[in-house]
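Below is one structure; the comments refer to it alone.
The values are calculated or read from the model by the stated rules, or taken from the named source; none is laboratory data. Note that the coordinates shown come from a computational prediction; the quantities given were computed from them, not determined experimentally. Note: ideal-geometry Cβ built from the backbone for every residue, glycine included; neighbour counts use all protein chains shown.
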Amino acid sequence: MHLILRDIFIRNWGLKLFSFLIALVLWLSFIPEEKIFSEKTVTVPLELRNIPPDIEVVESPIAAVTVKIRASRRLISRITAADVVAALELRQVKVNQENFPLTPDMILVPEGVEVKTVSPSQVMMKLEAIEEVFLKVEAVFENKMPEGYKLTQYNLIPTEVPVRGPSSKFKDSDTLKTQPIDRSNLTESREIVVGLILPNSDLSWGSSQREVRVLIQIQKIDGEAEDSASNPTAKKKAPKK
């Protein structure tokens with residue numbers, strides 16, 4: 001019996017192996033591609049969705065994640081990174097949360113595709129509550145006044161404007177400076193409207209107020225008064241007796 005079994009498996013083993021391979025190829029060729037599954041790895045951007053309006057991301061997570069997917073050979077050959085979306089939902093996020101898990105159910109894929117793994121399995125980012133602070137408006141002037149005129153007074157309306165941003169991005173010295181106001185052509189009192197400049201790019205406007213009115217008072221001065229203004233140590237003439 002032992003010899004018979006040996007003859008079955010060993011005699012003409014090369015021919016038998018060749019026949020087996022032919023049969024395997026024929027069997028695989030008749031299997032529909034829908035029944036043959038393959039895996040693919042794609043790198044996709046990580047999207048942050050539904051960030052609450054009173055919270056801001058001050059330290060962003062990694063920009064992209066690696067996703068391994070499985071689908072039929074016919075389908076997976078058509079899948080690209082554009083068909084896979086990695087979305088991190090932040091609707092219920094808390095300010096003190098720093099670690100955010102990434103799971104296969106967060107990955108959006110076409111029908112018939114299965115998400116096997118996501119790498120990394122979690123990401124880190126820093127969140128802060130947004131504050132609204134009223135910052136003082138500061139007028140900025142450039143160039144000299146025309147000869148024979150002086151700026152005696154100016155008023156700003158409003159004097160403070162609300163600004164929003166993470167608390168760590170505010171400084172005690174922050175102000176809202178106006179766009180430079182050119183004094184070289186100011187020869188009469190007037191009102192001008194000028195834009196404001198945020199102290200840094202991490203802050204945003206707290207309202208639609210992004211300009212201020214500047215009420216400027218101009219006074220014409222005579223030569224003697226001008227000389228006195230430009231040389232306050234000049235001696236005055238003694239009155240005649």
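Within the stretch 80-113, the residues that satisfy the criterion of being farther than 16 Å from Ser60 by Cα and touching a helix residue (DSSP H, G or I) at 6+ places or on another chain (Cβ under 8 Å) are Val109, Pro110, Gly112, Val113. Summed over the stretch 109-132, the residues that are touching a residue at least 40 places away in the same chain (Cβ under 8 Å) and part of a strand (DSSP E or B) give a count of 14.
Does the stretch 149-158 contain any residue that is without any contact (Cβ under 8 Å) to a residue 60 or more places away in the chain and exposed (fewer than 14 other Cβ atoms within 10 Å of the Cβ)? It would help to see each step written out before you state the result.
Of the stretch 149-158, the ones without any contact (Cβ under 8 Å) to a residue 60 or more places away in the chain are 156-158.
Now restrict to residues that are exposed (fewer than 14 other Cβ atoms within 10 Å of the Cβ): 157-158.
Looking through the stretch 149-158, at least one residue is without any contact (Cβ under 8 Å) to a residue 60 or more places away in the chain and exposed (fewer than 14 other Cβ atoms within 10 Å of the Cβ).
Residue count for the stretch 187-221, restricted to those that are assigned to a loop (DSSP other than H, G, I, E, B) and either touching a residue at least 60 places away in the same chain (Cβ under 8 Å) or surrounded by 10 or more Cβ atoms within 10 Å (Cβ to Cβ) (or both): 13.
Taking (1) at pLDDT 90 or above; (2) touching a strand residue (DSSP E or B) at 6+ places or on another chain (Cβ under 7 Å); (3) of a type in the set (Ser, Thr, Tyr) in turn, Ser60 satisfies each apart from (2). Could we say that Leu75 is in a helix (DSSP H, G or I) and buried (at least 17 other Cβ atoms within 10 Å of the Cβ) here? Against the criterion (in a helix (DSSP H, G or I) and buried (at least 17 other Cβ atoms within 10 Å of the Cβ)), Leu75 qualifies.
Being outside the structural domain of Arg78 (by TED's automatic domain parsing), basic (Lys, Arg) and surrounded by 13 or more Cβ atoms within 10 Å (Cβ to Cβ) is a property that holds for Arg164.
Screening Ile181 on (1) exposed (fewer than 12 other Cβ atoms within 10 Å of the Cβ); (2) at pLDDT 95 or above shows it passes everything except condition (1). Can you pull out the residues in the stretch 129-164 that are touching a Ser or Thr at 6+ places or on another chain (Cβ under 6 Å) and under 30 Å from Leu46 (Cα atoms)? Glu131, Arg164, listed by residue number. Taken over the stretch 78-108, the criterion of being crowded, with 17+ Cβ neighbours inside 10 Å and not in a strand (DSSP E or B) is satisfied by Ile79, Val84, Leu90, Val93, Leu102, Met106. The set of residues from the stretch 15-57 being in a strand (DSSP E or B), at pLDDT 90 or above and under 28 Å from Asp83 (Cα atoms) comprises Glu39, Lys40, Thr41, Val42, Thr43, Val44, Pro45, Leu46, Glu47, Leu48, Arg49, Val57. If the condition is being more than 30 Å from Ser167 (Cα to Cα) and of a type outside the set (A, V, I, L, M, F, W, C), then the stretch 42-95 contributes Thr43, Thr66, Lys68, Arg70, Ser72, Arg73, Arg74, Ser77, Arg78, Thr80, Asp83.
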